Amino acid sequence: MKHTLNLTKEKAHKILNKYIKTKFILDHSLESAVIMHALAKHLGENEELWYTIGLLHDLDMDLIGSNYDIHGIKTKEILENELIIDIGIINPILAHTECLESHKDKYKRIDIVDFALGASEQITGIITAYARMRPEKFEGIKLKSIKKKIKDKAFARNVNREFIYDIINTGVELDEFLEIAINAIYEIRENINI
């Protein structure tokens, strides 16, 4: 059964801009959204739904500060206040917090969209950190360079590599995923502040 989304991209962007003011988080949200959209297209899933999940997954970041114990939970509250009670959006957002110590027994990635979001939002950290250190920024980023940076645990050390490798749970191989992610972010490179 295909999921029908009752939230347009335009409304999702309005909600994002209402709650997120930090440029880095806005960029990360957009990067996650375009990767999720590209993955959905590749997998034959609902592109608008996956884009929206990627866009809104960190909606609470400006509100929670460093209190990650409520990350995801606060996003769920925000969405419910905005009358977005769609479990097709909320469940993957909660599941992406599985890696947090306080959430590991509460939320689990189960569905394909959960694994897609986990991998998509984590790979943004590797790709953008790598682009920041290059004079060419996003121009000409190669798959082998991103794979090398993933293996280097000292590089972008806060990125959860396990979540990236778990992309295989969507049926997409790592190399294929990295190409999709690199190309998706490249398409929006002019909108990203690095």
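What follows is calculated from the coordinates using simple rules that are stated; it is not laboratory data. These figures come from a predicted structure and were not determined experimentally. When we count neighbours, we look across all protein chains shown, and the Cβ atoms used for this are built from the backbone with ideal geometry, even at glycine.
Some observations on this one:
- Most to least packed among 133-144, 49-60 [average Cβ atoms within 10 Å]: 49-60, 133-144
- Radius of gyration, Dmax [the range 21-86; alpha carbons; angstrom]: 12.6, 37
- Within the range 60-127, the GluC sites (Glu not before Pro) that combine a DSSP coil assignment with at most 11 other C-beta atoms in a 10 angstrom radius are 101.
- The calculated 222 nm mean residue ellipticity attributable to helices in the chain amounts to -18000 deg cm²/dmol, summing -39500 (n - 2.57) over DSSP H runs of n ≥ 4 and dividing by all residues.
- Under Karplus coefficients 6.51, -1.76 and 1.60, residue-wise ³J(HN,Hα) of the range 179-194 in Hz, glycine/proline x: 4, 4, 5, 4, 5, 5, 5, 4, 4, 10, 3, 6, 9, 9, 8, 10
- For the listed residue pairs 21/74; 9/106; 74/108; 74/106; 41/147, the alpha carbons are over 19 angstrom apart in 9/106; 41/147.
- Fraction of C-alpha pairs exceeding 17 angstrom in the range 107-169: 41 percent, rounded to a whole number.
- Candidate cross-link partners of residue 151 among the aspartates and glutamates, defined by an alpha-carbon separation under 14 Å and a same-chain spacing of 8 or more, comprise 162, 175.
- Shape annotation for the range 9-189: C-alpha extents along the principal axes are 43, 32, 32 Å, from largest to smallest.
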